[in-house]
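Questions regarding the structure given below will be posed in turn.
The values are calculated or read from the model by the stated rules, or taken from the named source; none is laboratory data. Just so you know, these numbers come straight off a predicted model, no measurement behind them. Cβ placement follows ideal geometry from the backbone for every residue including glycine, while neighbour counts extend to all protein chains displayed.
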Ligand code: DLL
């Protein structure tokens with residue numbers, strides 16, 4: 001089913017709608033948000049200079065630091081009396097970015113979520129357990145209202161309290177799980193420990209997002225939970241979840257709601273615009289938001305985009321699964337390494353669990369690169385030689401993919417910390433050690 005016929009607009013029609021909305025947004029931020037007036041004036045561009053969609057490149061980028069510098073409400077484009085909800089991004093350092101929604105924005109948001117969940121296959125017959133945090137994080141509340149709008153029965157479980165999650169799934173007949181992929185994996189593990197076979201539950205579908213995850217992790221979740229696992233993407237600065245999501249042809253990319261957000265791909269080093277089909281940093285401009293419009297926001301997320309038609313009938317462009325973040329890229333002994341590469345390798349090795357931790361330290365001038373990997377229950381043994389073989393296998397497979405060899409530290413089953421939200425897998429102490 002298709003939620004909104006706007007998802008199937010002819011591309012020329014879509015481009016016309018985008019231009020009209022872009023022009024309105026640029027004018028509005030220029031008049032109402034001093035930051036944008038100053039930054040547009042600095043490069044000498046006026047709202048009336050935006051005559052075509054390509055003219056978007058005349059506008060300056062907005063970065064996370066720009067948003068932080070205006071903490072908490074400095075970039076809102078409407079008076080506070082019109083803001084009915086705030087959320088904040090999950091910053092691990094310093095102040096978060098605060099985002100505000102008017103009541104129309106909340107309506108738009110629910111509609112966008114309704115698109116995402118409908119295209120993943122949720123219907124009014126589903127019982128959907130939302131195991132994402134409810135609070136300043138946009139995940140829980142964001143998914144919640146859109147699922148209600150789509151007519152599903154929503155169980156607002158929030159994240160954590162994992163044994164109870166499993167009890168709810170059993171007793172309430174949950175058919176769809178909404179969470180981060182790492183939390184879904186932990187739920188599967190706890191269920192198995194409780195003697196509940198997740199495949200014996202009513203669960204049929206998973207909607208996972210909020211963090212990067214590999215195709216290997218998708219297969220693992222599908223087989224352990226007995227579900228179809230789909231990906232959805234979003235970020236607080238743009239609206240929260242609801243920016244893009246997979247349709248039923250899930251190896252085909254995530255449909256971007258382009259009638260609300262204009263995507264671009266740029267070179268993360270130079271800022272130069274690249275074509276959709278080149279891998280680079282994703283940039284978004286919101287074109288319907290009232291409370292907190294954002295112009296050319298640099299997401300730091302790396303992907304590429306296709307406009308090829310999709311078998312589902314939607315005409316919106318699709319982005320590939322995010323391969324990592326520009327700022328997640330580790331430079332280890334001069335070599336670029338993405339945590340997702342480590343995950344892909346580990347997912348292919350028998351005898352290890354999909355839990356790992358990358359630790360980086362300085363030893364003199366050298367980078368010390370360690371990957372801690374959890375051995376699975378059935379492969380765990382007292383026999384030193386067997387563990388040594390496993391260690392060697394992991395080291396050589398990682399070496400061949402990454403071109404540099406980490407030290408492997410095998411750890412006992414269940415020892416790496418489990419995540420109920422976004423997993424933290426990289427510990428880089430090089431600046432402080
Ligand atoms: O994570 C919004 C969200 C909630 C999306 C629930 C999907 C489901 P933030 O906390 O602001 O917002 O974090 C945004 O998370 O820039 C990406 O780096 C990452 N991210 C989000 N979804 C995905 C995904 C929410 N599907 C940041 N794949 C983004 C990879 C993702 N990374």
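Within the group 10, 15, 64, which residue is over 19 Å from residue 108 (Cβ atoms) and either outside the structural domain of residue 121 (by TED's automatic domain parsing) or at pLDDT below 95 (or both)?
64
While we're looking at this one, here's another question. In this structure, is residue 7 in contact (Cβ under 8 Å) with a residue 60 or more places away in the chain and touching a helix residue (DSSP H, G or I) at 6+ places or on another chain (Cβ under 8 Å)?
yes
Of the residues that make up segment 243-256, is at least one within 13 Å of the ligand (Cβ to nearest atom), without any contact (Cβ under 8 Å) to a residue 60 or more places away in the chain, farther than 20 Å from residue 100 by Cα and assigned to a strand (DSSP E or B)?
no
For the structure I just gave you, tell me whether residue 424 is modelled with pLDDT of 95 or more, closer than 30 Å to residue 263 by Cβ and either in contact with a strand residue (DSSP E or B) (Cβ under 8 Å, 6 or more places away or on another chain) or not in a helix (DSSP H, G or I) (or both).
No.
Considering only residues that are free of Cβ contacts under 8 Å to residues at least 40 places away in the same chain and under 18 Å from residue 418 (Cβ atoms), which ones fall in segment 357-377?
371, 373, 375, 376, 377
Here's something else I'd like to know. Pairs needed: first member in segment 103-117, within 15 Å of residue 78 (Cβ to Cβ); second member anywhere, at pLDDT below 95 and part of a helix (DSSP H, G or I); C-beta distance under 6 Å; at least 6 residues apart or different chains.
none
Mind telling me which of the residues 211, 163 ends up being under 26 Å from residue 90 (Cα atoms), in contact (Cβ under 8 Å) with a residue 12 or more places away in the chain, out of contact with any strand residue (DSSP E or B) (no Cβ under 9 Å at 6 or more places or on another chain) and within 15 Å of the ligand (Cβ to nearest atom)?
211
Which condition does residue 237 not pass, out of (1) over 18 Å from residue 117 (Cβ atoms); (2) more than 12 Å from the ligand (Cβ to nearest atom); (3) part of a loop (DSSP other than H, G, I, E, B), if it passes all the others?
(2)
Further question: Let me spell it out: the conditions are (1) part of a strand (DSSP E or B); (2) within 15 Å of the ligand (Cβ to nearest atom), and residue 262 meets all of them except one. Which number is the exception?
(2)
Mind checking which residues of segment 282-311 are crowded, with 17+ Cβ neighbours inside 10 Å, part of a loop (DSSP other than H, G, I, E, B) and either in contact with a helix residue (DSSP H, G or I) (Cβ under 9 Å, 6 or more places away or on another chain) or not assigned by TED's automatic domain parsing to the domain that holds residue 97 (or both)?
Here is the first cut: in segment 282-311, the ones crowded, with 17+ Cβ neighbours inside 10 Å are 282-305, 310.
Next, only the ones that are part of a loop (DSSP other than H, G, I, E, B) stay: 287-296, 304, 310.
Passing the criteria: 287, 288, 289, 290, 291, 292, 293, 294, 295, 296, 310.
If you don't mind, another one. Take the residues of segment 335-345 that are without any contact (Cβ under 8 Å) to a residue 60 or more places away in the chain and touching a strand residue (DSSP E or B) at 6+ places or on another chain (Cβ under 9 Å): which is farthest from residue 373 (Cα to Cα)?
Out of the qualifying residues, it is 336.
Hey, any hits in segment 169-178 for a residue that's in contact with a helix residue (DSSP H, G or I) (Cβ under 8 Å, 6 or more places away or on another chain), closer than 22 Å to residue 354 by Cα, within 12 Å of the ligand (Cβ to nearest atom) and touching a residue at least 12 places away in the same chain (Cβ under 8 Å)?
Among the residues of segment 169-178, at least one is in contact with a helix residue (DSSP H, G or I) (Cβ under 8 Å, 6 or more places away or on another chain), closer than 22 Å to residue 354 by Cα, within 12 Å of the ligand (Cβ to nearest atom) and touching a residue at least 12 places away in the same chain (Cβ under 8 Å), which makes the answer yes.
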